[in-house]
Amino acid sequence: MEGKRPGPPSPSDYYGKPAATGQLETLRESDVAAITGYLTDPHALNVPSVESVFFESILKSAHLSDEMRQLARDYHDNGFVVLDNIFEPELIDSLAGRYEWMFDPTTTDTLPPHAAELFDQDPMRRLDAWHVCDEVHKLACHPRILEILELLYGRRSIPFQTLNFLYGTEQPAHSDAIHFSSIPSGFMCGVWVALEDSTLENGALGYYPGSHKLPEVQLAQLGIWGQQGYTAHGGDYGRFENYVRALVKARGLEEKRLEVPKGSALIWSSNLLHGGTAISRPGATRMSQVTHYYFEGCTYYAPILSNAALGELRLKEIRDLRTGKSVPHTLNGEALTITPLEDGRSRISRKGSKANPLSRTFETFKKRLGLGKS
Ligand SMILES: O=C(O)CCC(=O)C(=O)O
Ligand SMILES: [Fe+2]
């Protein structure tokens, strides 16, 4: 009798079982317990909780309200969440009421020199108006936003920069990770807040759901070597924008537009592609505030001004808006030696500290996320 002839090999013969996607339903309790056990190790994978490959077990064991649980899942899947009813309406109205003052060209004459210099950098937007406007500061440090960010990322959040826009930016699609990155990577996000209704006419924010899951591009891969004469348009930056345009086409990414009433907010992940869509009603304003946040225990740098592949970093000296204090660069809490290079870049090296690199704050988050030993 003829023996059974082997059929054609299936792909799993070559590659093993396909990688599990880790759906919540398929994780067994014992697996979750083993994974959370691993996550109590101070050296366990250091990435934002919501972008972790262990997201499903973190979510399963976390002590979260149903609402927060859904929010974390949406952020994980899409790279953004839209929030309403977060801010007090009076705060939004009061901040919108400061715009006439903020965008009056004579205002800068009345400001302290450091604030005037920031204001004058770009007439289309006011950089770091928090120095001189309480409402900007209040929005950036709003306790509800800080709480949500900390639960999503698993570290204390650091509001470090504000931008106030009178008009839509019509900015081509980009990820903010090219401007602000961290070591470990991913610990950065933006919060956009509508100070008046955002519509298809006044240049709504455009964004590409799920694009945060694409690999974070290394600028050396695009032949961008952080040249001195960097400008936000053309040159090296144009090369990055061309890459994004091609990427959007290659992946068939679909742009969504943020049509929301005033007071709504969008939180987006550092690698989510976004930009400003066209203003179709000439002269229409779109008052909005963007706050950028880092997270505790990282090294903070600007990739577009760095040669990251060569270890030459343009470090960002950041100040935590909530305390007014500057934030040291660390590697998961471990102190660093910073050696300045020419041209404003630096090389960092470890001091070889034996101390537990995780601060008490991280321990608190782990407990809150059900990962502590308590
Ligand atoms: O508000 C916009 O249109 C885009 C703003 C933006 O990309 C940013 O602040 O990161
Ligand atoms: Fe951006």
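Which Cα, out of Leu258, Pro89, Val32, lies furthest along the positive dipole direction of the chain (beta carbon charges, K/R +1, D/E -1)?
Working it through, the farthest residue towards the positive pole turns out to be Val32.
Hey, can you grab everything whose amide H is under 5 Å from the amide H of Ser198? Only 5+ residues off in sequence or another chain; H modelled, so Pro and N-termini drop out.
Close amide H contacts, sequence-distant or interchain: Val260, Lys262.
Past 32 Å, Cα to Cα: identify those pairs from Lys60/Lys249; Lys138/Lys351; Lys249/Lys325; Lys60/Lys351; Lys213/Lys262, in the order given. It would help to have the intermediate numbers written out before the result.
Details: Lys60/Lys249 36 Å; Lys138/Lys351 37 Å; Lys249/Lys325 43 Å; Lys60/Lys351 37 Å; Lys213/Lys262 29 Å.
Table pairs above 32 Å Cα-Cα are Lys60/Lys249; Lys138/Lys351; Lys249/Lys325; Lys60/Lys351.
Putting +1 on Lys and Arg Cβ atoms and -1 on Asp and Glu Cβ atoms, find which of Cys141, Thr339, Trp101 reaches farthest to the positive end of the dipole of the chain.
Of the candidates, Thr339 comes out farthest on the positive side.
Using the alpha-carbon atoms, what tilt in degrees (0 to 90, nearest 10) does helix 29-39 show relative to the longest principal axis of the chain?
60
How long, wide and thick is the stretch 70-189, going by the Cα atoms along their three principal axes, in whole angstroms, largest first?
In descending order, the Cα extents are 46, 33, 27 Å.
Could you bin all the Cα-Cα distances of the stretch 38-98 into 10 Å bins starting at 0 and give me the percent of pairs in each, rounded to whole numbers?
Each 10 Å bin holds this share of Cα pairs: 18, 37, 23, 15, 6, 0.
Quick check for me: using +1 on Lys/Arg Cβ and -1 on Asp/Glu Cβ, what's the dipole size of the chain about its Cα centre, in debye to the nearest 20?
Using Cβ point charges on Lys, Arg, Asp and Glu, the chain gives about 1360 debye.
Where a ≥ b ≥ c are the square roots of the eigenvalues of the C-alpha gyration tensor, would you call the stretch 79-306 rounded, which needs a/c under 1.5, or, failing that, prolate if a/b is larger than b/c, or oblate? Display every interim value, and only then the final one.
Values: a/c = 1.32, a/b = 1.30, b/c = 1.02.
Rounded shape, in that the Cα axes give a/c under 1.5.
For the chain, take the longest principal axis of its alpha carbons; what is the angle in degrees between that and the long axis of helix 66-78, to the nearest 10 within 0 to 90?
Its long axis makes an angle of about 90 degrees.
What number, rounded to the nearest 500 deg cm²/dmol, is the helix-based mean residue ellipticity at 222 nm of the chain, given -39500 (n - 2.57) per DSSP H run of at least four residues and division by all its residues? Intermediate results must be reported in sequence, preceding the final value.
Numbers: 11 runs with 100 residues, N = 374.
Taking each H run of at least 4 residues, the total per residue is -7500 deg cm²/dmol.
Relative contact order (percent) for the chain, with alpha-carbon contacts under 8 angstrom and 6 or more residues of separation?
Values: 673 pairs, mean separation 84.4, N = 374.
Relative contact order comes out at 23 percent.
Bear in mind that the values in this text are calculations on the coordinates, not laboratory data. Not measured: the values here are computed from a predicted model. Note that each Cβ is placed from the backbone with ideal geometry, even for glycine, and that neighbours are counted across all protein chains shown.
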